[in-house]
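S.K.: I'd like to ask you about the structure that follows.
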Amino acid sequence: MHIDSSLRTAVGKVGVEVTDQTVKPLTPNPMVTFLNYLTTSDHKLSTLISEVKALDISKNRLTPEKLLAVQIKLGFVQQELEFFTNILNKALESIKTTMNVQI
């Protein structure tokens with residue numbers, strides 16, 4: 001009762017009534033989001049491999065700029081894949097720990 005009267009007083013001073021709003025979840029399912037990120041990383045790696053093959057086929061001189069760009073892209077994809085591998089590993093460890101608990 002005391003909280004209701006405090007809220008009415010606060011609304012009266014501000015002059016705006018706050019209505020209840022439904023909050024939409026950010027993602028439909030965390031596992032789906034994880035798999036989407038993993039698929040995106042795999043696609044980036046495939047694209048990078050195609051770019052390297054195209055550079056090899058064109059027989060143009062590989063400049064240091066092109067090699068640095070490939071190295072940067074490869075490093076980024078490697079970080080993404082390592083990150084998702086670590087997350088998957090931690091999730092599996094958590095599941096194993098949960099399954100070992102005796103009830």
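The numbers here are math on the coordinates, done by the rules we state, and not lab data. Quantities reported herein were computed from a predicted structural model and do not represent experimental measurements. Positions of Cβ are backbone-derived with ideal geometry, glycine not excepted, and every protein chain shown enters the neighbour counts.
S.K.: To check my understanding: the extent here is largest minus smallest coordinate of the Cα atoms along each principal axis. What are those three numbers for region 22-99, in Å, largest first?
M.R.: 55, 34, 18
S.K.: How much net charge surrounds residue 51 when only other residues with a Cβ under 11 Å from its Cβ are counted (Lys, Arg +1; Asp, Glu -1)?
M.R.: +3
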